[in-house]
Amino acid sequence: MERSRSIARSGSSNSAESCTTARAGVGLLATGLLAPEYRLADALNVQRGLTFTHRNLKYDVIQGALMDEVSSVRVPVNFFMGRFDFTTHTPCAEEYFLRLQSPRKELVWFEDSAHFVFFEEPKRFAAEAARIAATLN
């Protein structure tokens, strides 16, 4: 994730890096399209689904900040966070993780990832998910 590291160092991205980000998005879409459970029609319906959601559904479950509204849960909690994630503000997510009360919680950092840890470090993601699943049985 050299691109993520350079953005982290500079605090911004240039157009070449933006193109790299766009290619990563195309790669994510291609991975989805190659998955046996999806068809081309599914990809074509993504925008239709997003439009329907934004037009008809209102998010009214939590009125304030999640950190203030949900301070405890009764289930295990796992945060998988990419060290170079600029979509989710990781310092806030880490603070929320520390505040959140749960019978069992774990934060797993992916040192070579940004927002899509499952896509950027698929082998490690699978290993961590399997490790955590084994502790739940």
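The values are calculated or read from the model by the stated rules, or taken from the named source; none is laboratory data. All of these numbers come straight from a predicted model, not from anything done at the bench. Ideal geometry is used to build each Cβ from the backbone, glycine not excepted, and the neighbour counts take in all protein chains shown.
Assess whether Glu17 counts as being among the charged types (D, E, K, R), at pLDDT 85 or above, under 27 Å from Glu120 (Cβ atoms) and in a helix (DSSP H, G or I).
It is false that Glu17 is among the charged types (D, E, K, R), at pLDDT 85 or above, under 27 Å from Glu120 (Cβ atoms) and in a helix (DSSP H, G or I).
For residues in segment 43-77 being surrounded by 12 or more Cβ atoms within 10 Å (Cβ to Cβ) and within 19 Å of Pro103 (Cα to Cα), which is modelled with the lowest pLDDT?
Step by step, filter segment 43-77, then rank; the result is Leu66.
From the set of residues in segment 78-121 that are of a type in the set (Val, Ile, Thr) and buried (at least 16 other Cβ atoms within 10 Å of the Cβ), which is farthest from the chain's Cα centre (by Cα)?
This residue is Thr90.
With respect to Leu40, determine if the residue is in contact with a Leu (Cβ under 8 Å, 6 or more places away or on another chain) and loosely packed, with under 11 Cβ neighbours inside 10 Å.
yes
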